[in-house]
Amino acid sequence: MPPGPGFPALLQTLDWIRRPTAVLTGCADRYGTPFTLRRVGSPPMVVVSHPADVKAVFLGSSDLRLARSATSRSMFGRSVTTLDGEEHRRHRRLIMPAFHGDRLAVHTGVIRDVTKRHADGWRDRVRLVDAMFRITGETIFRVIFGVDRIEELDELSRTMDTMFAQVSNPAVYLPFARVDLGRLNAWGRYLRARGTFHRLLSAEIVRAREQLEGRTDVLAHTIREGLERGDPLTDEEIRDEMMSLLLLGHATTSAALGWAFQWILGNGSVHARAISEVRDGAPGEGAPTWPWIEACLLESLRLTPPLALAHRFLSGPTQVGDYELPEGTYVRPAPFLTHRRPDVFPEPMRYDPGRFLENRPGPFEFFPFGGGLRTCLGMSFALFQMKIIAATVLERLDLELEAGPTLDVRRVGLLMTPAHGTPVSVRRRRHPEDDGGMA
């Protein structure tokens, strides 16, 4: 096994929960790549960051690099996040078409309208990570689930808040803490909220099956795709897939936007160019472009990816770099480390969106959404949604960062968010619509 810290697994586990990015940086500096971490209740975790090793993991035999994880299965059910082999490929075939670019474009107006309504309600001072959580939650309910009734949106939002509050507790990722003690512990409270959410989502699936005509949401597309192929997913399978899209896509996108806004607002020339792009060329119908906004988002995902690690479990001995890793090893490509390699990204700690206007990095150098056969299903939607939200906020509001850009993180479940939550002061700009359409 590659080298790594020699102290007991329990201490490594506690350190990993408390200081994840510091652990990654410290181990990479001391041991190089790859290195091994040991945690309570888990197989040895080998972290890789050299692009060649990342490629070996992502492109190796899918029969040897599996997704199995007790934690993931208990949270995401039987979805592309946790399935392997032919089951994984089947689910992916049936869901992917809903995320094609032309199908995403029809949601531009919905995402802009939701963002405008939320942003227009901001007063004086806002923590953008929290504000983005609200926006991305509603857009996911509308675009992914097809929910547009206020009562259902409110109930889904309340239940979602409860679920995220519990899974944000790092303790739930300790195997011995995942016991159901009812309302007495975080895992018990999560399971009860999940049960409520399953009930609400199951009702939406029944409604979608009964009223497929004219619907453009991802849920309806997934149902139609299965019917057209003669291989439909069951209601339970669809429910788990929609849950995974919510849990993995919602908080991740809001965290990514929190990081992106701190970098954009904290760099004068970057901010000025972003403002110019969105205010001098107001979006029309269809999919917007905004290449500078997109470059800003990608550079933020490079420097501060919300998910620091991808994962694979080895079902047999596998060569990774100079090591033949045994069956049962947990191999984790680390975008957090790869994205900061000076041999890949010169001056890696400098925020420079121009990198993404020139030569785009390869898939084993830049992989904030994972890679290979398990690249995140919602990647295109996440970037599409982030771009519209960021551009709409910058076009409508003058924001000033109240605390300088930080590399310090607050761990929220599996995610790394800005430690300060990206606090901003808010000043609303006037628009013709504010005066009943008169300039």
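Bear in mind these aren't lab numbers, they're just calculated from the coordinates by the rules spelled out. Since we're looking at a predicted model, the values are computed, not measured. FYI the Cβ positions are ideal-geometry reconstructions off the backbone, even for glycines, and counts take in every protein chain you see.
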Selection of trypsin sites (Lys or Arg not before Pro), the range 134-229, meeting DSSP coil and at most 12 other Cβ within 10 Å = R149
What full-extension length gain, to one decimal in nm, is calculated for E210 and T289 as 0.36 nm per residue of separation minus the Cα-Cα distance?
-> 24.9 nm
Assuming a viscosity of 0.692 mPa s and a temperature of 37 °C, what translational diffusion coefficient in µm² per second does Stokes-Einstein assign to the range 306-439, Rh being the Kirkwood radius over Cα pairs?
-> 176
Are there trypsin sites (Lys or Arg not before Pro) in the range 361-433 that DSSP marks as loop and that have at most 15 other Cβ atoms within 10 Å, and which are they?
-> R429, R430
For T422, what is the net charge nearby, where nearby means another residue's Cβ is under 13 Å from its Cβ and Lys, Arg count +1, Asp, Glu -1?
-> -1
Binned Cα-Cα distances of the range 105-229, short to long, each 5 Å bin given as a whole percent = 2, 9, 16, 17, 16, 15, 12, 8, 3, 0, 0
Stokes-Einstein diffusion coefficient of the range 177-220, Kirkwood radius over Cα pairs, 4 °C, 1.567 mPa s, in µm²/s | 106
Ratio to report: Rg/Rh of the range 251-340, with Cα atoms as the point set and Rh obtained by the Kirkwood method; give two decimals.
-> 1.19
Report, in debye and to the nearest 20, how large the dipole of the chain comes out about its Cα centre when Lys and Arg carry +1 and Asp and Glu carry -1 on their Cβ.
-> 980
Of V172, A56, N267, farthest towards positive along the dipole that unit charges on Lys, Arg, Asp, Glu beta carbons give the chain | V172
Any DSSP H helix in the chain with Cα axial reach of 15 Å or more and mean Kyte-Doolittle score of at least 0.0? Listed by number, the hits are 20-31, 128-143, 235-265, 291-303, 379-396
What does the helix-only formula give at 222 nm for the chain: each DSSP H stretch with n ≥ 4 adding -39500 (n - 2.57), the total divided by the residues, and the result rounded to the nearest 500 deg cm²/dmol?
-> -15500 deg cm²/dmol
Any idea how far apart T25 and L181 come out in nm if each label point goes 7 Å out from Cα toward Cβ?
-> 3.4
Just name one of H107, L383, F369: the one whose Cα is farthest towards the positive end of the charge dipole of the chain (beta-carbon charges, Lys/Arg +1, Asp/Glu -1).
-> F369
Cα extents of the range 9-435 per principal axis, largest first, Å, are 67, 53, 44
Points 7 angstrom from Cα along the Cβ direction at R341 and M96: gap in nanometres?
-> 2.6
Taking the chain as a Gaussian network, where each spring joins two C-alpha atoms under 10 Å apart, which residue of D280, D161, D148 fluctuates the most?
-> D280
